[in-house]
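The values are calculated or read from the model by the stated rules, or taken from the named source; none is laboratory data. Please read all numbers here as calculations on a predicted model, not as lab measurements. Neighbour counts are summed over all protein chains in view; Cβ atoms, including those assigned to glycine, are modelled from backbone coordinates with ideal geometry. To get the accessible areas, we keep the full protein, side chains included, count just its heavy atoms, and leave off ligands, DNA and RNA. Shrake-Rupley method; radii C 1.70, N 1.55, O 1.52, S 1.80 Å.
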Amino acid sequence: DLAAHDLIGKRLGITVQSWLGAKRADSVPLARLVSAADPEEAVRITQAALAEGYRGFKVKVGHHKALDAQIVHAVAQAAPGAFVWVDANQGYTLEEAIRMARAFERCGVTLFEQPVPMSDVYAMKKLLSATALTIALDEAAMGLPFVIDLIRREAVEGLAIKVSKVGGLHYARQMCDLALNAGLTLIGSNLMDAPITFAASVHLFAAYGMTLPADLNGPQFIAQDYLAEPLPIRNQVAYVPTAPGLGVAIDEAKVRQFTLPLP
């Protein structure tokens, strides 16, 4: 899918963002993933990220349930004015999610990503009525039919878009259109993709005008990549590549360097 979009853009001499039909923005602010075992570690991660220029933080919760509220509060206190949201990756029961949502509200959090199991539509509907937080889907946003069903059942307010998870830009574009037409909040995310899918995601997220910091965390986990030129990131804001297609070029020598021999 990404190769096809890259080729189309290069043949037409336009960027993938232009091919997608809109240019609502030319950049996407990035978020720092905060996965910490205790509030002290969360503060260290947040302070280091602030020094690097991050102004958005996605805090992983649901693993250390007794400390989750303290961890989120620590991040919010360490990064005043930043956008902070939480992601439970289906880690809570309905009762836990309602209790934690109220605690997160007191921390100034406004968005709660996939708090309960994706199959528990009843829990998602009950949670929506129990909190002012925007409840966003992640694991549940696997494909159009299920998301359409959740929209019809009024069980969702936001959608995390991951290019890789839905099978590429073609389906991710459909998901974005569906979300906007339904009045859902769009947030950008990924599966630690880097760097080709990172570039594709930036084209898509900017085309759809996503203003919230995107969880495009791939580069923070790798020491070096295989691009001929680095991704256009400045002060933790990713800019849409301006060259035709995806706008990134592969350094074949680096690819050979990183190749592992098979037995």
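Tally time: how many residues in the range 111-135 are touching a residue at least 40 places away in the same chain (Cβ under 8 Å) and farther than 14 Å from residue 92 by Cβ?
The number of residues fulfilling the criteria is 2.
If I go through the range 79-104 residue by residue, how many of them are touching a Phe, Trp or Tyr at 6+ places or on another chain (Cβ under 9 Å) and closer than 21 Å to residue 43 by Cβ?
10
Those residues that are assigned to a helix (DSSP H, G or I) and of a type outside the set (Val, Ile, Thr), I need them from the range 143-163; list them, please.
Our first condition is that a residue be assigned to a helix (DSSP H, G or I); within the range 143-163, this holds for 144-152.
Those that are assigned to a helix (DSSP H, G or I) and of a type outside the set (Val, Ile, Thr): 144, 145, 146, 149, 150, 152.
Scan the range 145-161 and tell me whether some residue there is under 13 Å from residue 85 (Cα atoms), in contact with a Gly (Cβ under 9 Å, 6 or more places away or on another chain), crowded, with 24+ Cβ neighbours inside 10 Å and of a type in the set (A, V, I, L, M, F, W, C).
First pass over the range 145-161, keeping only residues under 13 Å from residue 85 (Cα atoms): 158, 160.
Narrowing further to those that are in contact with a Gly (Cβ under 9 Å, 6 or more places away or on another chain): 160.
With crowded, with 24+ Cβ neighbours inside 10 Å added as a condition, the list becomes 160.
Subsequent filtering for residues that are of a type in the set (A, V, I, L, M, F, W, C) retains 160.
Yes, there is a match, as at least one residue in the range 145-161 is under 13 Å from residue 85 (Cα atoms), in contact with a Gly (Cβ under 9 Å, 6 or more places away or on another chain), crowded, with 24+ Cβ neighbours inside 10 Å and of a type in the set (A, V, I, L, M, F, W, C).
In this structure, is residue 202 in contact with a Phe, Trp or Tyr (Cβ under 8 Å, 6 or more places away or on another chain), farther than 23 Å from residue 81 by Cα and in contact (Cβ under 8 Å) with a residue 12 or more places away in the chain?
The answer is yes for residue 202.
Being open to solvent by less than 60 Å² (accessible area, probe 1.4 Å) and farther than 11 Å from residue 173 by Cβ is the filter; apply it to the range 18-28 and report the residue that is farthest from the chain's Cα centre (by Cα).
From the range 18-28, those open to solvent by less than 60 Å² (accessible area, probe 1.4 Å) are 20, 22, 25, 27-28; that's our starting set.
Those left that are additionally farther than 11 Å from residue 173 by Cβ: 25, 27-28.
On the way: 25: 17, 27: 15, 28: 11 Å.
Checked the range 18-28; the qualifying residue farthest from the chain's Cα centre (by Cα) is 25.
Give the residues of the range 220-263 that are farther than 28 Å from residue 45 by Cβ, open to solvent by 100 Å² or more (accessible area, probe 1.4 Å) and among the hydrophobic types (A, V, I, L, M, F, W, C), sorted by residue number.
Selection gives 260, 262.
Exactly one condition in (1) modelled with pLDDT under 95; (2) crowded, with 22+ Cβ neighbours inside 10 Å; (3) not β-branched (Val, Ile, Thr) is not met by residue 213; state its number.
Going through the list (1) modelled with pLDDT under 95; (2) crowded, with 22+ Cβ neighbours inside 10 Å; (3) not β-branched (Val, Ile, Thr), residue 213 breaks only (1).
Considering the range 185-207 alone, what residues qualify as being in contact with a strand residue (DSSP E or B) (Cβ under 7 Å, 6 or more places away or on another chain), open to solvent by 20 Å² or more (accessible area, probe 1.4 Å) and part of a loop (DSSP other than H, G, I, E, B)?
191
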